[in-house]
1. Could you identify the single residue in B:TYR9, B:TYR72 that is at negative phi and within 14 Å of chain A (Cβ to nearest Cβ)?
2. Counting just the residues of segment A:13-65 that are within 15 Å of ligand 1 (Cβ to nearest atom) and of a type in the set (Val, Ile, Thr), which one comes out modelled with the highest pLDDT?
3. Taking the condition assigned to a strand (DSSP E or B), touching a residue at least 60 places away in the same chain (Cβ under 8 Å) and within 16 Å of ligand 1 (Cβ to nearest atom), does A:ILE187 pass?
4. Within the bounds of segment B:148-158, is there any residue that is open to solvent by less than 40 Å² (accessible area, probe 1.4 Å), under 26 Å from B:ILE271 (Cα atoms) and β-branched (Val, Ile, Thr)?
5. Go over the candidates A:LEU45, A:LEU52, A:LEU32 one by one and state the one that is within 13 Å of ligand 2 (Cβ to nearest atom), in contact with a Ser or Thr (Cβ under 8 Å, 6 or more places away or on another chain) and under 25 Å from A:LYS193 (Cα atoms).
6. If I go through segment A:144-173 residue by residue, how many of them are aromatic (Phe, Trp, Tyr) and open to solvent by 10 Å² or more (accessible area, probe 1.4 Å)?
7. Could you check segment B:109-138 and list, in sequence order, the residues that are of a type in the set (D, E, K, R), open to solvent by 50 Å² or more (accessible area, probe 1.4 Å) and touching a residue at least 12 places away in the same chain (Cβ under 8 Å)?
8. When segment A:121-143 is examined, which residues are found to be among the hydrophobic types (A, V, I, L, M, F, W, C), within 14 Å of chain B (Cβ to nearest Cβ) and open to solvent by 20 Å² or more (accessible area, probe 1.4 Å)?
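The values are calculated or read from the model by the stated rules, or taken from the named source; none is laboratory data. In this text the structure is predicted, and so the values were computed from the model without any measurement. Ideal geometry is used to build each Cβ from the backbone, glycine not excepted, and the neighbour counts take in all protein chains shown. In case anyone asks, the SASA skips ligands and DNA or RNA and just uses the protein heavy atoms, side chains included. Shrake-Rupley method; radii C 1.70, N 1.55, O 1.52, S 1.80 Å.
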Amino acid sequence: MLFKIKNLEYKKSNKTILNNLNFNIEEGKHLLVLGSSGSGKTSLLNLMSGLLKPTNGEIFFKDHEYSSLLEEEIDKIRATNFGFIFQKLHLIGHLNVKQNIDLIKNKNDSKKVENLIHGLGLNQKSEQMVSELSVGEAQRVAIARGLANSPCVIFADEPTSSLDDYNTQKVMELILEQTKQTKSTLIVSTHDKRIKKYFSKITEMSL
Amino acid sequence: MSDLRFVLYSLKYRFLNSFLSIMLTAFGVSIALLISQFGNHIQNRINLDGQGIDIVVGAKGSPLQLILSSVYHIDIPTGNIAYSQAKKIMNNPQIEESIPLALGDNWRGFRIVGTTTNYIRHYDMSLSTGRYWDQNFEVVVGSSVNLNIGDEFMGVHGLLEDGSSHEEHKYDVVGILKPSGTVIDRLILTSLNSVLDIHGLHKVDNSFEKNHEHQHDHEHHKEEHRDVHEHDHDEEKHKSEDENHHKHSKNDKETNETNVLGSSEITALLIKTKSPIENINLPRSINRESSLQAANPALEINRLISLFGIGSKSFAILSLILILIASLNIFSGLASNLENRMGDLAVLRAVGFSKKRIFKIIVLEGILVVLIGILLGILIGFLLFSILTHNIFTLHTTNASLIFNLDFILIILFVFFAGLIAAIFPAYRGSKISIANQLSRTI
Ligand SMILES: Nc1ncnc2c1ncn2[C@@H]1O[C@H](COP(=O)(O)OP(=O)(O)OP(=O)(O)O)[C@@H](O)[C@H]1O
Ligand SMILES: [Mg+2]
């Protein structure tokens, strides 16, 4: 079992955001988290990736319960197992495309930056500063960065919310293609029902 | 990407700020280095050149000028004194050693000093090649004087390079001294009589040079007097009393001791006393009872340092302020930059950078600025030092050179730690950011 979530509860300033969540994710399965804006999707992803601590309940990743781990051990899990495609992209503005991807490479089996850039059609942009990219281009860089370490879990927070139908399709195909190649688990949060059709084996949950 | 590369990109991104921090650090370091190096140089020269000289006797005038001219050879003498009077002082039983000096000429800026070999012995120096003088106009040169054995040269009148030359007499180089790091290295030494002769003064009996104890037995003034040259002796500074001596000396040619001594002049007498009390008593009695002046080098130099000290202290404070400003600039650069890059740091934390690594990255950024600043500061320090030593005569002639001493290391350590401390607080704050909050920040 990749993830095991037991009685998960998350409160922020006395407001209950997540309450009594229980679910498992098997290896090779994907998770689609559906929910309207403000329903707690980002919070859930942050809890699952160890960026937030739950108010109650347990989160197991590969049988390690987060609260039993040291902070540095959780950092290590993120560095070696997780890839992130953030809702707000969060590229580093003073670095160029190549450097943004290169920055987080930390494993021997990390993908070659050139291959990623090529695969995402960013050939011509590799030396360009990310602050000068279009939104769509920036999103592709963010995806490339999320995949650079060949992670076994990819967290994608609303990867398509700002995209039109055409680009939504392109991005989703791209991400799913990558997960197929590396046999990794994709955890996507969205309020965008269009995405549903791209998944065949999904655990779906509504918040 | 290595952390160092990341830091370099970040410094490049805020180039103006990094540059300012680096320059401030560099100026602080270079000024602090210059002050300590020059202070150290001066102190060394004072100690080395003044070793074992308790009293200096010379013509009346500024005591400091007397010390500087006869001990350190960096000023012009206060005038000449009659050898007969000097002789009386030399016979004082409280004196352990006395060395007469006759100044007046130079060769390419190197002073020609008429003295006895006691002068060389006083500084524990020995020949590297050749021999000591035994004829008039034979010279032994210090290691910094670019003359070789067998060279002949003519002295130039005065103590500065551009004077009229004494074309009648040529000096022969017969010996070269080993380098000692003292003032002797840049002097041309010869017998007292060579200098007196060239200035048309009566020679002195130099038997005391051979045996100090029997100096009263001399009546032999064998050497024939050369023709007296009619020329304006001495620098502008010389007083009319000196000129009287000169005129007087031209007239008599007797070998009678009193006459000879009465007409002979030397510039100064370096004295080592037998007890420290005499360092105070002897000058007092000389100053009171004779037309000579006696000065205590230690006293005068202390006076000079205390005057000079005010200047060097304010420079030291200036360099301290510069270093503090540089550190504050490093701090403010990192701290204000931190606000802009919280998001970036949160991303790094999210993708697995540990708190320690974030801390390290920010500290590294501060250290890099301070290290580049220190290197640049040392470079600027070296450059200014060599420019100053080439252009300031006294530094040039005293062989000022940059040395790696304890002060050097302390200055660099101080600047380094000031920069490090300035980086630690922003680094600590940067490592403690809340990842999720930073990532969800919309505005
Ligand atoms: N730091 C915080 N302090 C207080 N409340 C917060 C904080 N972060 C999130 N919340 C609240 O928690 C709730 C869930 O936020 P979250 O970002 O998880 O929602 P979401 O489902 O991702 O929304 P969206 O689709 O707009 O991204 C929101 O109501 C939000 O106001
Ligand atoms: Mg969200």
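1. Numbers: B:TYR72 fails: within 14 Å of chain A (Cβ to nearest Cβ).
Of B:TYR9, B:TYR72, the one residue that is at negative phi and within 14 Å of chain A (Cβ to nearest Cβ) is B:TYR9.
2. If we filter segment A:13-65 for residues that are within 15 Å of ligand 1 (Cβ to nearest atom), which is where we start, we get A:13-19, A:21, A:31-49, A:51-55.
Now drop any that are not of a type in the set (Val, Ile, Thr), which leaves A:16-17, A:33, A:42, A:55.
Values: A:THR16: 91, A:ILE17: 91, A:VAL33: 90, A:THR42: 91, A:THR55: 94.
Result: A:THR55.
3. Working: assigned to a strand (DSSP E or B): yes; touching a residue at least 60 places away in the same chain (Cβ under 8 Å): yes; within 16 Å of ligand 1 (Cβ to nearest atom): yes.
Taking the combined requirement at face value, the residue satisfies it.
4. If we filter segment B:148-158 for residues that are open to solvent by less than 40 Å² (accessible area, probe 1.4 Å), which is where we start, we get B:153, B:155-158.
Narrowing the set further to residues that are under 26 Å from B:ILE271 (Cα atoms) leaves B:158.
Of the ones still in play, those that are also β-branched (Val, Ile, Thr) are none.
No, segment B:148-158 contains no residue that is open to solvent by less than 40 Å² (accessible area, probe 1.4 Å), under 26 Å from B:ILE271 (Cα atoms) and β-branched (Val, Ile, Thr).
5. Numbers: A:LEU52 fails: under 25 Å from A:LYS193 (Cα atoms); A:LEU32 fails: within 13 Å of ligand 2 (Cβ to nearest atom).
On inspection, the qualifying residue turns out to be A:LEU45.
6. Pass one, segment A:144-173, residues aromatic (Phe, Trp, Tyr): A:155, A:166.
Of the ones still in play, those that are also open to solvent by 10 Å² or more (accessible area, probe 1.4 Å) are A:166.
Adding up the residues that qualify gives 1.
7. Just the residues of segment B:109-138 that are of a type in the set (D, E, K, R), to begin with: B:111, B:121, B:124, B:131, B:134, B:138.
Next, only the ones that are open to solvent by 50 Å² or more (accessible area, probe 1.4 Å) stay: B:121, B:124, B:131, B:134.
Scanning segment B:109-138 gives B:ASP124, B:ARG131.
8. The one that is among the hydrophobic types (A, V, I, L, M, F, W, C), within 14 Å of chain B (Cβ to nearest Cβ) and open to solvent by 20 Å² or more (accessible area, probe 1.4 Å): A:MET129.
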